[in-house]
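Single-structure report; data block below.
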Ligand SMILES: Cc1cc2nc3c(=O)[nH]c(=O)nc-3n(C[C@H](O)[C@H](O)[C@H](O)COP(=O)(O)OP(=O)(O)OC[C@H]3O[C@@H](n4cnc5c(N)ncnc54)[C@H](O)[C@@H]3O)c2cc1C
Ligand SMILES: Nc1ncnc2c1ncn2[C@@H]1O[C@H](COP(=O)(O)O)[C@@H](O)[C@H]1O
């Protein structure tokens, strides 16, 4: 079984988000970049599913040379090889088209993405990939198992969950619960340096969206401390009018 | 120009998030002096469909084919694309629900339409542009995104637009499309209903517990509070990691991002990753025995004290108020 894991390079979760250039650019100054946490979960599941020589795991990233440390980290965790499509990841549409193009000439049985990237929060790449490749996609996967040529997928729905069976190939957007992220060991870190990382040039894509600017949420006012529960209930009722 | 809204149903009923999205789509149609068509897929009765007109749908396309009873994003995307073609829609609105999130990007790719997932305001159409505000960086910021494609798709965040009555005559049209069998590879094996009374993403009130509660056996006091408020339960990440609560209750940057009117954080310190998930909450209440806990920096109201004492007292006080 051949599995492809799409990884995006995102600011560490503790990052305080600020912007520059009149709020048009994310301030990367001093920001630590990591593998998107959901992609780490996907990678961990991909390794479990191919354990014991049952297949291979390739990671793919659309990014400039600056993302290579993140790709090497994925190799250190345990991916067999990596592809970097050499372009700024303009948006999900651009990224999905690049990856779809690659998959068309290099087919995979299972394509993992994360449920969403924690920076732009599109939740878009998985569904777009599915549509571009004309194969099923499940965007928020809670559990996934493969039996022969069929995937059993658990998906969260309003008020419960659905269990689906789908013939491969599919695109799955991994969410919490799919697997526990794996930490690279010394051997992994050593071998990551020599694992293949192929650089592929992008195809042309007509762009259809553009981030114009960013805003930070309104700062919240001072907290009003209540002396006891009765007073709190009264404040929520009479002042905040939320109960 | 015309506006299309996909109105997802849950067991034949529309949730509040759907009426919000209809109201939102109506506002876009009005701003462009055009009409709004709703497309409903599955078994929804006439009374329920009529509600869509009450919130502003000029026309309702009702798709009842038996093979479309269960949600399959691939098949639903093709039906909605057909509806868009039929109505000449250039704006398509959905609610950003769990299913909506799987559907919108497929529809976008099919129609080569730009997609904004997680919109929080009406599009700004000044100077012929189309700019939509959405959450970004997991609730730590907003992005203003301009869509330049011919068709534009918006998935609206629940609780970010008020439900607005705007009654139109009820006009329902049966709409059935031939869908390619290749769209139906996904087979539904089973639906497992959760016992949760209120689902987290569209909850108006949320009671959330952190590590300060010490163990799963202590959730009873939060359940009681949630019961008197009609609230959904949530938790911090370490709580679900420890298996005290299910993963789908974990709120934050790597969990659910919520947008309730009231979020009550009990025994939660307020780590940046947790706060990311609640920045859209209108009112935040903190109950924590450490006055220096960072949660008090974002809370609107709070009590410094022991949760095991305060939560039952709060439940009792609210019960009193409910009676009054
Ligand atoms: C990659 C990554 C992603 C993460 N994503 C998330 C996320 O999405 N969501 C999330 O929540 N966390 C996330 N975290 C974890 C986050 O950093 C914090 O560790 C976590 O939010 C802390 O949870 P807590 O507030 O329940 O526990 P603690 O930080 O341990 O806080 C417990 C609080 O309870 C209070 N307390 C103790 N006893 C009582 C009592 N008797 N009465 C009242 N108060 C009491 C204490 O004063 C303290 O403030 C993430 C971390 C990483 C590294
Ligand atoms: N630049 C990228 N390169 C490779 N995969 C990506 C990239 N951006 C996003 N993805 C994948 O798409 C998923 C969802 O991203 P998004 O649609 O942006 O929320 C991520 O979890 C990744 O798996």
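The values are calculated or read from the model by the stated rules, or taken from the named source; none is laboratory data. Keep in mind the model is a prediction, meaning the values are calculated, not measured. Cβ: placed from backbone, ideal geometry, glycine included. Neighbour counts: every protein chain shown.
Considering the range B:279-292, and only residues there that are buried (at least 22 other Cβ atoms within 10 Å of the Cβ) and either in contact (Cβ under 8 Å) with a residue 40 or more places away in the chain or more than 27 Å from the chain's Cα centre (by Cα) (or both), the residue that is nearest to residue A:236 (Cα to Cα) turns out to be B:281.
Conditions tested, residue by residue: (1) free of Cβ contacts under 8 Å to residues at least 24 places away in the same chain; (2) within 24 Å of the chain's Cα centre (by Cα); (3) under 16 Å from residue B:205 (Cβ atoms).
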position	(1), (2), (3)
B:273	no, yes, no
B:296	no, no, no
B:305	yes, no, no
B:309	yes, no, no
B:312	no, no, no
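Taken over the range B:238-253, residues that are within 7 Å of ligand 1 (Cβ to nearest atom) and within 8 Å of another protein chain (Cβ to nearest Cβ) amount to 2.
Please go through the range A:83-97 and give me each residue that is within 20 Å of residue A:38 (Cβ to Cβ) and either within 16 Å of ligand 1 (Cβ to nearest atom) or away from every other protein chain (no Cβ under 13 Å) (or both), ordered by number. A:83, A:84, A:85, A:89 - these are the residues of the range A:83-97 that are within 20 Å of residue A:38 (Cβ to Cβ) and either within 16 Å of ligand 1 (Cβ to nearest atom) or away from every other protein chain (no Cβ under 13 Å) (or both). Please verify whether the range A:207-215 includes one or more residues that are at pLDDT 95 or above and more than 7 Å from chain B (Cβ to nearest Cβ). Taking every residue of the range A:207-215 in turn, at least one turns out to be at pLDDT 95 or above and more than 7 Å from chain B (Cβ to nearest Cβ). Answer yes or no as to whether residue A:37 is closer than 13 Å to residue A:7 by Cβ and away from ligand 2 (no atom under 12 Å from the Cβ). Here the answer is no, as residue A:37 does not meet what is asked.
When you scan the range A:44-65, do you find a residue that is within 14 Å of chain B (Cβ to nearest Cβ), within 12 Å of ligand 2 (Cβ to nearest atom) and in contact with a helix residue (DSSP H, G or I) (Cβ under 8 Å, 6 or more places away or on another chain), even just one? For the range A:44-65, residues within 14 Å of chain B (Cβ to nearest Cβ), within 12 Å of ligand 2 (Cβ to nearest atom) and in contact with a helix residue (DSSP H, G or I) (Cβ under 8 Å, 6 or more places away or on another chain): absent. Within the range B:42-59, the set of residues being surrounded by fewer than 24 Cβ atoms within 10 Å (Cβ to Cβ) and either in a helix (DSSP H, G or I) or touching a helix residue (DSSP H, G or I) at 6+ places or on another chain (Cβ under 6 Å) (or both) comprises B:46, B:47, B:48, B:49, B:50, B:51, B:53, B:54. Only strands (runs of 3 or more DSSP E) whose full extent lies in the range A:100-195 are considered here, and the ones with at least 1 residues that are within 16 Å of ligand 1 (Cβ to nearest atom) and touching a strand residue (DSSP E or B) at 6+ places or on another chain (Cβ under 8 Å) are A:110-114, A:137-147, A:150-157, A:170-174. Residues that are under 26 Å from residue A:237 (Cβ atoms), within 9 Å of ligand 1 (Cβ to nearest atom) and part of a loop (DSSP other than H, G, I, E, B) within the range B:254-277 comprise B:267, B:268, B:270, B:277, listed in sequence order. Of the strands (runs of 3 or more DSSP E) entirely within the range B:115-166, those holding at least 1 residues that are more than 10 Å from chain A (Cβ to nearest Cβ) and more than 16 Å from ligand 1 (Cβ to nearest atom) occupy B:152-156. Checked against the criterion of being within 12 Å of chain A (Cβ to nearest Cβ), crowded, with 23+ Cβ neighbours inside 10 Å, part of a loop (DSSP other than H, G, I, E, B) and away from ligand 2 (no atom under 16 Å from the Cβ), the range B:230-237 has at least one qualifying residue.
A single member of A:164, A:236 is free of Cβ contacts under 8 Å to residues at least 60 places away in the same chain, more than 34 Å from the chain's Cα centre (by Cα), surrounded by 14 or more Cβ atoms within 10 Å (Cβ to Cβ) and at the interface with chain B (Cβ under 9 Å from one of its Cβ atoms), and it is A:236. Only one of the listed residues (A:218, A:158) is at the interface with chain B (Cβ under 10 Å from one of its Cβ atoms), exposed (fewer than 14 other Cβ atoms within 10 Å of the Cβ), free of Cβ contacts under 8 Å to residues at least 12 places away in the same chain and more than 26 Å from residue A:35 (Cα to Cα). That residue is A:218.
The residue that is farthest from residue B:170 (Cα to Cα), counting only those in the range B:1-40 that are within 17 Å of the chain's Cα centre (by Cα) and part of a loop (DSSP other than H, G, I, E, B), is B:11. Number of residues in the range A:85-101 that are over 26 Å from residue B:147 (Cβ atoms) and buried (at least 20 other Cβ atoms within 10 Å of the Cβ): the value is 0. Restricting attention to the range B:83-114, the residues that are more than 15 Å from residue A:208 (Cβ to Cβ) and assigned to a loop (DSSP other than H, G, I, E, B) total 4. Would you check if there is a residue in the range A:111-134 being more than 11 Å from every other protein chain (Cβ to nearest Cβ) and within 12 Å of ligand 2 (Cβ to nearest atom)? Checked against the condition, which is being more than 11 Å from every other protein chain (Cβ to nearest Cβ) and within 12 Å of ligand 2 (Cβ to nearest atom), the range A:111-134 yields at least one hit. Residue count for the range B:279-293 satisfying the condition of being in a loop (DSSP other than H, G, I, E, B) and either near ligand 1 (Cβ under 9 Å from one of its atoms) or over 23 Å from residue A:218 (Cβ atoms) (or both): 5.
Within the range A:196-208, can you find the residues that are farther than 30 Å from residue B:131 by Cα and part of a loop (DSSP other than H, G, I, E, B)? Hits for the range A:196-208 are A:196, A:201.
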